[in-house]
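Chemist: Okay, here's the structure, questions in a sec.
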Amino acid sequence: MIDLAELARPVSEPDQLGGGGRRDVGRLADLAGWLARAQGQWPPRDPVLARLMLVSELAADGLGEELRDIAALADAAVHPVTLAVADADAGPEPAAASAVRAGAAAADTEIDAGADLLLLAGEGGDDAAAAVIAALGGLEPTSVATAGTGPDPDDRRWSASVLAIRDLLRRLRPHLHDPGALLAVAGSPMLAAQVGLLLRAAARRTPVILDGLAPCAAAVLASLAAPALPAWCLAGHRTGAVAQEEALHQLGLDPTLDLGIVSGRGYGALLGLATLRVAVRLTTDDEPTTTGTAGNPPGGVDG
């Protein structure tokens, strides 16, 4: 089975800061505090180089200009993490292990290039993500099926989703305490790449905004290997999906926004980033008063 221990070992908690700033801005103060802890200083600084990491089977030229335009509005750039569908021919476990490495490498590439905040989105793998969350949360397939939700439900797709999740649940339940085994059995390179990316980003003390169901499920799996991981994550938005709600509960995260966006293309995370930028500008003091772990600025590695 997949061993996540090497990626998980360097992950530690962010710095604990006293904080400061305005107290009349509600949850915006909490958002600024989250970023300050990740950066190891108060006040937090506005992210300089934010990257939307879209894990997809689509080539970069298949993403469309709309997503890039919306990312530009939030002062972010899109970095596609493309996984070859042919990788699945090697079998679910080798494909998942390869995808974990690809996700970690993608995080390294962007952080080495100066990224100080990642946004994680994923297209595909929703049934696998829902099945993992259902297995860990004791939910039934009918409550977490993904194809019947959103603005245009489809009964046939929903039924197919229920059957797929039910089949996965039978195979996942014997492995509830082994995140690597859960990832291998789930058989989703999309989910595996996101787990690898999250673990590597946290090890390098780089915060991540989660977009929707699959990134939240990946964070749950990653947190089983590295319990400190949720502290590096911000839930960008609530989709309305039962499985995502359960994942957020398991992570202990409260979404920044509640807009019911189900596309999985990163729009919710981008809106979360825009809100975070507002939070930083409204709540900061004049001068930093606390610095982070010595020798471990954002992008450094613990351990």
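The values are calculated or read from the model by the stated rules, or taken from the named source; none is laboratory data. If you're wondering where the values come from, they're calculated on a predicted model, not measured in any experiment. Cβ atoms come from the backbone with ideal geometry, glycine included; neighbour counts cover every protein chain shown.
Chemist: Can you tell me which residue is modelled with the lowest pLDDT among those in region 259-286 that are surrounded by fewer than 18 Cβ atoms within 10 Å (Cβ to Cβ) and assigned to a loop (DSSP other than H, G, I, E, B)?
Modeler: Asp286
Chemist: Restricting to region 99-126, name every residue that is β-branched (Val, Ile, Thr) and either surrounded by fewer than 24 Cβ atoms within 10 Å (Cβ to Cβ) or within 16 Å of Ile209 (Cβ to Cβ) (or both).
Modeler: If the condition is that a residue be β-branched (Val, Ile, Thr) and either surrounded by fewer than 24 Cβ atoms within 10 Å (Cβ to Cβ) or within 16 Å of Ile209 (Cβ to Cβ) (or both), then Thr109, Ile111 are the ones that fit.
Chemist: Let me ask another. If a residue must be in contact with a Cys (Cβ under 7 Å, 6 or more places away or on another chain) and surrounded by fewer than 18 Cβ atoms within 10 Å (Cβ to Cβ), how many such residues does region 237-258 contain?
Modeler: Final tally of qualifying residues: 0.
Chemist: Turning to a different aspect of this structure: In region 225-241, what residues are under 17 Å from Asp211 (Cβ atoms), touching a helix residue (DSSP H, G or I) at 6+ places or on another chain (Cβ under 9 Å) and of a type outside the set (D, E, K, R)?
Modeler: Correct list: Leu229, Pro230, Trp232, Cys233, Leu234, Ala235, Gly236, His237, Thr239, Ala241.
Chemist: Also, quick follow-up: Only one residue in Thr289, Thr293, Thr239, Thr256 is at pLDDT 95 or above and of a type in the set (Val, Ile, Thr). Which one? Walk me through it before giving the result.
Modeler: Details: Thr289 fails: at pLDDT 95 or above; Thr293 fails: at pLDDT 95 or above; Thr239 fails: at pLDDT 95 or above.
Thr256 is the lone residue from the list that is at pLDDT 95 or above and of a type in the set (Val, Ile, Thr).
Chemist: Let me ask something additional. Every residue in region 225-248 that is in contact (Cβ under 8 Å) with a residue 12 or more places away in the chain, more than 25 Å from Ile2 (Cβ to Cβ) and over 12 Å from the mean Cα position of the chain (by Cα), please.
Modeler: Arg238, Thr239, Gly240, Ala241, Val242
Chemist: Could you list, in sequence order, the residues of region 102-117 that are under 16 Å from the mean Cα position of the chain (by Cα) and charged (D, E, K, R)?
Modeler: Initially, region 102-117 is screened for residues under 16 Å from the mean Cα position of the chain (by Cα), giving 102-108, 110-111, 115-117.
Across region 102-117, the qualifying residues are Asp108, Glu110, Asp116.
Chemist: Count, please, the residues in region 238-258 that happen to be farther than 10 Å from Ile133 by Cα and of a type in the set (S, T, N, Q).
Modeler: Here the count works out to 2.
Chemist: Which of the following residues is at negative phi and at pLDDT 85 or above: Asp89, Asp69?
Modeler: After ruling out the rest, the residue left standing is Asp69.
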